[in-house]
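Peer 1: After the structure tokens below, expect a handful of questions from me.
The values are calculated or read from the model by the stated rules, or taken from the named source; none is laboratory data. Quick caveat: nothing in here was measured; it's all calculated off a predicted structure. When we count neighbours, we look across all protein chains shown, and the Cβ atoms used for this are built from the backbone with ideal geometry, even at glycine.
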């Protein structure tokens with residue numbers, strides 16, 4: 001198994017009517033950034049950060065990820081609230097629903113990106129292995145990617 005994705009940096013700003021997020025990830029010496037934006041509304045920052053995190057994941061694995069963000073919510077849990085992110089991976093009969101969580105105890109913006117990674121890390125490991133081998137060998141081989149199956 002390959003090492004997991006690491007969250008390097010996350011920023012979210014409100015610029016007038018637009019909320020913009022940027023997430024930078026790394027994996028074994030490679031790094032990638034993802035950005036997302038949306039019209040500013042109450043709580044939209046969570047969705048924008050989650051989309052930016054997904055964009056960075058797609059970038060680091062060379063675009064081979066069919067994941068759709070479903071929902072991002074703040075949930076009360078004991079003394080500290082948590083962020084819960086739900087996503088759908090794949091299509092049709094091969095669709096798998098994923099969820100990830102992160103504590104809101106520290107940086108609220110980073111917690112959203114961490115929840116995305118928590119939900120995706122074990123599912124993207126085959127893609128990370130392909131991306132890591134292709135970046136060290138040269139051009140990426142053509143052909144089908146490994147299929148992710150639900151248990």
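Peer 1: I need the full set of residues from region 10-31 which are loosely packed, with under 14 Cβ neighbours inside 10 Å and outside any loop (DSSP other than H, G, I, E, B), in order please.
Peer 2: 13, 14, 15, 18
Peer 1: Right, another one. Only one of these is in contact (Cβ under 8 Å) with a residue 40 or more places away in the chain and more than 20 Å from residue 33 (Cα to Cα): 90, 106. Name it. Write out each step before concluding.
Peer 2: Numbers: 106 fails: in contact (Cβ under 8 Å) with a residue 40 or more places away in the chain.
Result: 90 is the single residue among 90, 106 that is in contact (Cβ under 8 Å) with a residue 40 or more places away in the chain and more than 20 Å from residue 33 (Cα to Cα).
Peer 1: Still on this structure: Taking region 64-98 on its own, how many of its residues are loosely packed, with under 12 Cβ neighbours inside 10 Å and modelled with pLDDT under 85?
Peer 2: Total satisfying the criteria: 6.
Peer 1: Right, next: Go through the residues of region 131-144 one by one and say whether even a single one is at pLDDT below 90, closer than 22 Å to residue 25 by Cβ and buried (at least 20 other Cβ atoms within 10 Å of the Cβ).
Peer 2: As a first pass, look at region 131-144 and keep what is at pLDDT below 90: 131-144.
Keeping just the survivors that are closer than 22 Å to residue 25 by Cβ gives 131-137, 140.
Among the residues that remain, those that are also buried (at least 20 other Cβ atoms within 10 Å of the Cβ) are: 131.
Yes; the residues of region 131-144 include at least one that is at pLDDT below 90, closer than 22 Å to residue 25 by Cβ and buried (at least 20 other Cβ atoms within 10 Å of the Cβ).
Peer 1: Then there's this: Checking residue 45 against (1) in contact (Cβ under 8 Å) with a residue 60 or more places away in the chain; (2) under 12 Å from the mean Cα position of the chain (by Cα), which test does it fail?
Peer 2: Exception for residue 45: condition (2).
Peer 1: Can you tell me how many residues in region 48-63 are surrounded by 20 or more Cβ atoms within 10 Å (Cβ to Cβ) and touching a residue at least 60 places away in the same chain (Cβ under 8 Å)?
Peer 2: The number of residues fulfilling the criteria is 8.
Peer 1: Report whether or not residue 51 is within 18 Å of residue 119 (Cβ to Cβ), within 15 Å of the chain's Cα centre (by Cα) and modelled with pLDDT under 95.
Peer 2: So residue 51 fails the test.
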